[in-house]
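A short worksheet on the structure shown next.
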Amino acid sequence: MATDGTSRPPQRLGVIGGSGLYDLAGLTDTRWVSVDTPWGPPSDEIFLGRLGDAELAFLPRHGRGHRIPPTEVNYRANIAALKSLGVTDLLSLSAVGGMRADLPPGTFVVVDQFIDRTTQRAKSFFGTGMVAHVSMAHPVCSRLGDHVARSLGGGDTPWVRGGTYLAIEGPQFSTQAESALYRSWNCSVIGMTNVPEAQLAREAEICYCSVSMVTDFDCWHPNHDAVTVDAVIAVLLGNAERARGLVASLAGTITADAQGAACGCRQALGQALITAPSARDPAFVERLKFIAARVL
């Protein structure tokens, strides 16, 4: 029940990022839960908790202890598991390299576009037996992005709204030639995890927003070789503390957002299914109901 007495669908904020983001002051009713999906298990158990009236779900993207490399993350299982737990809004937090001189280490970038250079990942829940084509013209939720921007605007974290995330396969970092090429494409940051995460969130009709936390300049920068592991770790620790502050600020806002239920992201499959009902594979459709029951 909303504070104005009207009934609204429940909203839950999900957070995908590094271990420790769930170490929030005031978090109650905490527990780890195991979820299995038709696409296998997610990266780890999911940490559930409550912050005031807000319900949250945290998933360590690489597993606790960072044991899973970017290419081997089960992105489909991660998104499906969060969907099954009622996550409606998803905040993706990730460490990235800065591709512009005006985005130094410590800067948070609220990404709004992606360029995909990955080649080895399953990028859709759909396939032979049930085909769908969702729009990715605007790959992040502008409503959720507005909430994130307001939360960051009230703190002391340096941040910018808008930017292109270049997703590479990894686990190796770029060559200098590649870094120069990506800079010529006007990329803002470079990372290894937001694709296919954003695509799958759209297929699951979850509102998705990516906040990239710059830890260092990519190898294009003349001072790149002067960056030490200690310096990067110091930035990571500082970013993690700021990220926890962002989550705490955002949680209540999501719960109180009366416009969330009407967000277009939550209707993304409405015009996306293309396979004729008579040609759909019943077994495939049954599996898809885990994330797309609304339209199936």
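Condition check ((1) crowded, with 24+ Cβ neighbours inside 10 Å; (2) more than 27 Å from residue 217 (Cβ to Cβ); (3) more than 17 Å from the chain's Cα centre (by Cα)) across all residues:
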site	(1), (2), (3)
68	no, no, no
74	no, yes, no
85	no, yes, no
91	yes, no, no
101	no, no, yes
104	no, no, yes
Of all residues making up segment 162-189, the number that are within 20 Å of residue 122 (Cα to Cα) and touching a residue at least 60 places away in the same chain (Cβ under 8 Å): 5
Positions within segment 244-294 being of a type in the set (Gly, Ala, Ser), assigned to a helix (DSSP H, G or I) and either in contact (Cβ under 8 Å) with a residue 40 or more places away in the chain or touching a helix residue (DSSP H, G or I) at 6+ places or on another chain (Cβ under 8 Å) (or both), in sequence order: 245, 248, 249, 251, 252, 256, 260, 261, 283, 292
Among residues of segment 122-168, those that are surrounded by 14 or more Cβ atoms within 10 Å (Cβ to Cβ) and under 24 Å from residue 296 (Cβ atoms), counted: 12
Filtered residues of segment 166-181 (kept if modelled with pLDDT of 95 or more and β-branched (Val, Ile, Thr)): 168
Single unsatisfied condition, residue 184 versus (1) surrounded by fewer than 23 Cβ atoms within 10 Å (Cβ to Cβ); (2) at pLDDT 95 or above; (3) under 24 Å from residue 80 (Cα atoms): (3)
Flag for residue 258 being buried (at least 16 other Cβ atoms within 10 Å of the Cβ) and either under 22 Å from the mean Cα position of the chain (by Cα) or of a type outside the set (Ser, Thr, Tyr) (or both): no
Filter result (farther than 23 Å from residue 13 by Cβ and among the aliphatic types (A, V, I, L, M)) within segment 104-155: 115, 122, 130, 131, 132, 137
Pairs with Cβ under 7 Å, 6+ apart, first in segment 198-218 and free of Cβ contacts under 8 Å to residues at least 40 places away in the same chain, second in a loop (DSSP other than H, G, I, E, B) and among the basic types (Lys, Arg): none
Meets criteria (acidic (Asp, Glu) and within 28 Å of residue 23 (Cβ to Cβ)) for residue 241: yes
Of residues in segment 251-276 being closer than 22 Å to residue 290 by Cβ and among the polar types (S, T, N, Q), the one modelled with the lowest pLDDT: 271
Residue list for segment 193-230, filter: modelled with pLDDT under 95, in a loop (DSSP other than H, G, I, E, B) and within 23 Å of the chain's Cα centre (by Cα): 218
Hits in segment 219-238 - residues which are free of Cβ contacts under 8 Å to residues at least 12 places away in the same chain and of a type outside the set (A, V, I, L, M): 222, 223, 224, 225, 228, 230
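The values are calculated or read from the model by the stated rules, or taken from the named source; none is laboratory data. Small disclaimer: the values here were computed from a predicted structure and weren't measured. Note: ideal-geometry Cβ built from the backbone for every residue, glycine included; neighbour counts use all protein chains shown.
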